[in-house]
Amino acid sequence: MGSRKIIHVDMDAFFASVEQMDNPDLRGKPVAVGGGSSRGVVAAASYEARKYGVRSAMPGFKAKQKCPHLIFVPPRFKRYKELSAQIREVFFEYTDLVEPLSLDEAYLDVTDNKPNIDSAIKIAKEIKQKIKKRIGLNASAGVSINKFLAKVASDLHKPDGLSVILPEDVQTFIDELPIEKFYGIGKSTALKMKTLGIATGKDLYEYSEIDLVNNFGKFGRYLFKVVRGNDDREVKAERVRKSISVERTFEEDLVEIKDVEEKIKLVNEKLVQSLVRTKIKGKTINLKIRFNDFTTITRSKSVKTYMQDPKVIESICWELFEQIKWEGKGIRLLGLGLSNLDTEQNEQQLEFELS
């Protein structure tokens, strides 16, 4: 069996780029989507903002410190979803094997493709050109023999990049790849690897599977495979939705139980609206709380049957809440969700961030 031809397409600073496209006054300026309030968080940053060190998931006040002239704009998820659907239509012109990871990125298996184009590189170029011409946005793409390598490649030359890792170059590329560039390796894991003398793929290659499992658990098996260029995961057109949840970050910390009660009712109401709209039921209720010192805790409890009953969800939420010692700590975020779902849909997770 020959090598697969996998493309990973990743839109460049998608949310921020959409705002700049729709509002010419924002073009060429540092823009952050979200994060404008004193308790807000940056959802996306334009490349002009990134030059100052502004990144997604950064508190808005910190982003403003790094870039005093940063322009905050509120998110417009309806618009992002609209454009994401148009982008996916481009993908479907080439293959039905499209696996969305989020609104702004997806894997495509073009080993067998609708236009019968032999070169995956040519397909990637055409996809980038069509997205730019029809929608007006730049995308970066990575092309290789599996999902891991395609994902890594797409991030190499952003923005508006196209990177290719050919079969004959795979091991050389991985050997020279800094460990921080491996998809799935975060800062803490990279730091631990550095203490073990692992700085590149070549260093990682020297470790046995047993040693990697002993040091990194199940993730070690994944590392053992990908450092040898092996990733047999298929591009799946249907992704299993793992959970559906609602979160709310508050302008002022919650310190009174009556305020907590009010917000739990609100979050639960929004969650149930989403469950009813998407016709989803689940067995596991999940509670998430972030305190004003940014420590985050989660609690969960399962029931025997699939449900979306607001009374059951709220009752279990309070049962979980009572397990938490929170006196003296203000609550800045509340999240409520349902997992262990009865559905298989084309997303791995759906999350609603309330303003």
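The values are calculated or read from the model by the stated rules, or taken from the named source; none is laboratory data. Note that the coordinates shown come from a computational prediction; the quantities given were computed from them, not determined experimentally. Please note: Cβ atoms are built from the backbone with ideal geometry, for glycine as well, and neighbour counts cover all protein chains shown.
Okay, here's what the table says:
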quantity	calculated
Region 136-152 residues that are under 14 Å from Phe91 (Cβ atoms), paired with ones that are charged (D, E, K, R) (beta carbon under 7 Å, 6 or more apart)	Ala139/Asp10; Ala139/Asp12; Ala139/Lys128; Ala141/Lys128
Sole exception among (1) farther than 18 Å from Leu320 by Cα; (2) surrounded by 13 or more Cβ atoms within 10 Å (Cβ to Cβ); (3) charged (D, E, K, R) for Arg290, by number	(1)
Residues that are of a type in the set (Ser, Thr, Tyr) and at pLDDT 90 or above, drawn from region 272-308	Thr284, Thr298, Ser300, Ser302, Thr305, Tyr306
Any hit, region 295-309, residues being touching a residue at least 40 places away in the same chain (Cβ under 8 Å) and touching a Lys or Arg at 6+ places or on another chain (Cβ under 7 Å)	no
Members of region 253-287 found to be in a loop (DSSP other than H, G, I, E, B), more than 20 Å from Asp342 (Cβ to Cβ) and either of a type outside the set (D, E, K, R) or outside the structural domain of Ile331 (by TED's automatic domain parsing) (or both), listed by number	Val255
Residue within region 62-69 that is under 16 Å from Leu137 (Cβ atoms), free of Cβ contacts under 8 Å to residues at least 40 places away in the same chain, not assigned by TED's automatic domain parsing to the domain that holds Asp253 and not aliphatic (A, V, I, L, M) present	no
